[in-house]
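Shown next, in structure tokens, is the structure this report addresses.
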Amino acid sequence: MVSPTPSRHLAELRLRVGKRGRLRARIEIGNGGLVAIGALVSLILLSSAVIVVAAKRVPDRT
């Protein structure tokens, strides 16, 4: 039986800037890695939202 989703995901990036500037990147990641990255991004976004709310709060002048 064939899995409905691939167990490994592959992404490649080739970027050229000007005549001599080049960047080549390749990543191969499994399903567990994608879940971990998603969790990390979610936690970063949630924590930054808490920091913004705390920074906007007006302190009591008592």
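Every number in this text was worked out from the coordinates using simple rules, so none of it is lab data. Please read all numbers here as calculations on a predicted model, not as lab measurements. Here the Cβ positions follow ideal geometry from the backbone for every residue, glycine too, while neighbour counts run over all protein chains shown.
From the list ALA54, ALA36, ALA25, ALA11, the lone residue that is loosely packed, with under 10 Cβ neighbours inside 10 Å, aliphatic (A, V, I, L, M) and not in a strand (DSSP E or B) is ALA54.
Look at the range 19-48: where a residue is in contact (Cβ under 8 Å) with a residue 12 or more places away in the chain and closer than 18 Å to HIS9 by Cα and a partner is assigned to a helix (DSSP H, G or I) and not acidic (Asp, Glu), sitting 6+ places away or on another chain with Cβ atoms under 9 Å, you get ILE29/ILE37.
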